[in-house]
Amino acid sequence: MNKANLDSLTIGDGSGTLLALHASGTGAGSLTRLAQQLGNDLQVLIPNLHGYGSSKAGLAPNDLALEQHLEIASLALSTLQDQTPEKPIHLFGHSMGGLIAVQLATRFDNLATLTLAEPMIFGALDPSEDADAIATDSKSTSGLLDNDPTGLARFISFWNGTDWDQLPDGVRAAMAGLQKQIAHEALQVSTAKIEKEQLAEIQCPVQVLSGTQTNTVAARICQRLAEQFPEWTQTAIKGAGHMLPIEQPEMVAKSILRIID
């Protein structure tokens, strides 16, 4: 077992601190514009999760990707607590990062707020209900696990809301290099088990953000979370798809600050 290595970005110097966790296939840089919108109010720490940038978890190489990501996120949170013990810590997670944020929030009980941007909490779905079963079957992962380039293109188009061919060459090349990791993450995220009782144990105020133009899977997960946890704040970002922190960083930042205030 090796020592974990944390590779992260820090933006802003506000009175509070925010730990921001990125989505699959993106990396810390995807949340830079969001952090810049928050920089006057918060110090934002954005770790690259395991396998992104130079972040490496200290777990055994064959451990699940989500466990590796959770160790990096836990290390980042502990770093914030050690560096700024007097500041309240807020937590934000997008998509897969939202799932990791929830797992983190069930382990740490001193978070000030939790904001989840279309978190991939498939455990909120009930396969016995038709609408949930349809959502579960719509993840567009066919071919992704077989290292099929068309499978990656289909997967990215579905979740990004942008046709693969319309993405810049550099973005497509970067994602192609991450296909194996993205495939493992997609499988593990879709089968991750989080019980409703675990979610109910989260002590801090929780906000769920969703895009009004998102895909059917993310929309259904957010709807189910709203039904199961009516005390959680639900905020719709007009005109945004699943990649709302990238598409609408200003509106997402305003929502984060609103629940903090």
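Rounded to whole numbers, the Karplus 3J(HN,Hα) couplings from phi for the range 32-41 are 4, 5, 5, 4, 5, 5, 9, x, 6, 10 Hz, using 6.51 cos²θ - 1.76 cosθ + 1.60 with θ = phi - 60°, and x at Gly and Pro.
From its DSSP helices (H runs of at least four residues, each -39,500 (n - 2.57)), the chain gives a residue-normalised ellipticity at 222 nm of -12500 deg cm²/dmol. With all pairs of different C-alpha atoms in the average, the Kirkwood value for the hydrodynamic radius of the range 164-261 is 15.7 Å. Which of the three applies to the chain, rounded, prolate or oblate, going by the alpha-carbon gyration tensor with a ≥ b ≥ c and a/c under 1.5 meaning rounded? Rounded, since a/c falls under 1.5.
Which residues in the range 212-227 place their backbone N less than 20 Å from a point set 7 Å from the Cα of Ser128 along the Cα-to-Cβ direction? Output list for this probe position: 221, 224-227. Note on the chain: with neighbouring protein chains present and a 1.4 Å probe, carbon and sulfur make up 48 percent of its accessible heavy-atom surface.
The values are calculated or read from the model by the stated rules, or taken from the named source; none is laboratory data. The structure displayed is predicted, hence computed values, not measured ones. Counting neighbours? That spans all protein chains shown, and the Cβs are built from the backbone with ideal geometry, glycine included. The protein model used for the area step is the full one, side chains on, heavy atoms only, and it has no ligands, DNA or RNA in it. Shrake-Rupley method; radii C 1.70, N 1.55, O 1.52, S 1.80 Å.
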